[in-house]
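The values are calculated or read from the model by the stated rules, or taken from the named source; none is laboratory data. What you are looking at is a predicted structure, and each value in this text was computed from that prediction instead of being measured. Glycine also receives a Cβ, built like all others from the backbone with ideal geometry; neighbour counts cover every protein chain displayed. Heads up: the accessible areas ignore ligands, DNA and RNA and are worked out on the full protein's heavy atoms, side chains in. Shrake-Rupley method; radii C 1.70, N 1.55, O 1.52, S 1.80 Å.
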Amino acid sequence: MVFPKTNKELDLIAKYFAPLSLSSKGALGLHDDAALMEVPSGYEAVVTNDILVEGIHFLANDPPETIAWKSLAVNLSDLASMGAKPTSYTLGFAIPSYVEHEWIKLYVSGLEEVQNNYKIALIGGDTVSTKGPITLSITAFGHVPKNTAILRSGASAGEEIYVTGSIGGGYLGLRYLQDNLIQVDGQLSSLFVQMYRKPVPRVGLGIALRGLATSATDISDGLIADLGNICRESDVSANIQAWDIPVPEGVDKLIEKNCIKLQDIFSGGDDYELLFTVPPGSKSKVRDLACIYDLNISQIGITSLGPANISFYNKNHSIIEFDSIGYSHF
């Protein structure tokens, strides 16, 4: 039997995706059924997977390069929350037949940008045609020294709770793109859209938190929901001072105009910041890390004895009630 010289799937892989694998010897040029992976002696592998579906996790008219950025960055954010150094990833690429090669080219350019920033490589995956919607599945790999991974379950009562960056920008960017936040001016809307489309995984800080943070998670489903995950897994409660939670510029005015509620900001999701706990008396160490990584890191509360419960307080010490605790996958 004579095999044809061309194969649509293999040609697609060779043209667009194989170049993303060149820095990884174990990727084997994406020519084989699987990749070869090594974990340095004394280290453990850390693996995470996220699926992004058009219309649910990104909008149909989002630029393909920013879809690529987000699809990979959200996985690196998961690795960062555990203190892992990212090394490689695989890609499940399910696209309808109407998607043009220019879209794929731009998507690949977005992956390449993230790869270059974090020194990682594509080592495998699968490409299939679908009737829609576009579905992207990325599995990212990293490693940590044995017994140093930062888990959700390590917090104890009396510890300080910190968050990086600011909370709510991704949610506001999505609201704006859905024409549901027309009161925002051009400069702020660009900032919010950037935060929604191109979240920045806090990889360097995550690695630096090994041995200091007792628990951590990234904020994907909303501050309330992800803090709840730490409380649940660690069997602690959390007392949060709402006014200490950092929010993007312009949020206060939007709240004053009744365009949004503070509760929406805390439950909206798409932040991809790190939320972590440290032992009491660690303020100076956290402050040093904020300077090293040129990153805003804010203490927002303290943990207390369980069972798992979160109390958000206003400046007058009254409790804030919430209609929603965050994004739900089901």
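A 1.4 Å probe run over the protein chains yields, for region 71-151, 40 Å² of accessible area per residue, whole-number rounding. Applying 1/(1 + (r/R0)^6) with r as the Cβ-Cβ distance of ASP294 and GLN178 and R0 = 35 angstrom yields a FRET efficiency of 0.65.
Relative to the current alpha-carbon distance between TRP103 and LYS25, full extension at 0.36 nm per residue lengthens the span by 25.3 nm.
Centroid-to-centroid, using Cα positions, region 176-210 and region 85-157 are 19 Å apart. Hey, for a label at GLN241 modelled as a point 7 Å past Cα toward Cβ, could you say which residues of region 291-310 have their backbone N under 19 Å away? Residues passing the 19 Å test: 296-305, 310.
Normalised by the number of residues in the chain, the average gap of Cα pairs under 8 Å and 6 or more apart makes the relative contact order 22 percent.
With a ≥ b ≥ c taken as the square roots of the eigenvalues of the C-alpha gyration tensor of region 109-218, please select rounded if a/c is under 1.5 and otherwise prolate if a/b is larger than b/c or oblate if it is not? Note, shape of region 109-218 comes out oblate. In the chain, the DSSP beta bridges split such that about 75 percent are antiparallel, to the nearest 5.
In region 25-140, Cα pairs under 8 Å separated by at least six residues give a relative contact order of 41 percent.
In this simple spin-label approximation, ASN61 and ALA45 carry label points 7 Å from Cα along the Cα→Cβ vector, and these lie 4.3 nm apart.
At a threshold of 8 angstrom on Cα-Cα distance, excluding pairs fewer than six apart, so keeping six or more, what relative contact order does region 230-330 reach in percent? Before the final figure, lay out each step's value.
Values: 100 pairs, mean separation 56.0, N = 101.
Normalised by residue count, the contact order of region 230-330 is 55 percent.
Would you please classify the overall shape of region 53-146 from the alpha carbon gyration tensor, given that a ≥ b ≥ c denote the square roots of the eigenvalues, rounded means a/c under 1.5, and beyond that prolate means a/b larger than b/c while oblate covers the rest? Before the final figure, lay out the partial values.
Values: a/c = 2.01, a/b = 1.96, b/c = 1.02.
Note, shape of region 53-146 comes out prolate.
Per-residue surface analysis assigns LEU106 an accessible area of about 60 Å², computed on protein heavy atoms at 1.4 Å probe radius. This model, with +1 at the C-beta of Lys and Arg and -1 at the C-beta of Asp and Glu, gives the chain a dipole about its Cα centre of some 500 debye. Using a Förster distance of 25 Å, how high is the FRET efficiency between ASN314 and ARG232, based on the Cβ-Cβ distance and rounded to 0.05? In this case the efficiency is close to 0.55.
When the accessible area of region 38-159 is computed with all protein chains present and a 1.4 Å probe, what percentage of it is carbon and sulfur?
Values: 2720 of 5330 Å².
Result for region 38-159: 51 percent of the exposed heavy-atom area is carbon or sulfur.
Taking all protein chains together and rolling a 1.4 Å probe, VAL251 ends up with roughly 0 Å² accessible. Could you compute Rg(Cα) / (2.2 N^0.38 Å) for the chain, with N its residue count? My calculation over the Cα atoms of the chain gives 1.05. For region 163-308, rounded, prolate or oblate, judged on the Cα gyration tensor with a ≥ b ≥ c (square roots of eigenvalues), a/c < 1.5 rounded, else prolate if a/b > b/c? Prolate. Sorting TRP103, TRP243 by accessible area puts them as TRP243, TRP103; the probe is 1.4 Å, largest comes first, and only protein heavy atoms count.
Considering only protein heavy atoms, with the full assembly of protein chains and a 1.4 angstrom probe, order LYS85, LYS70, LYS198 by accessible area, largest first.
Working: LYS85 105, LYS70 10, LYS198 45 Å².
I get LYS85, LYS198, LYS70, largest accessible area first.
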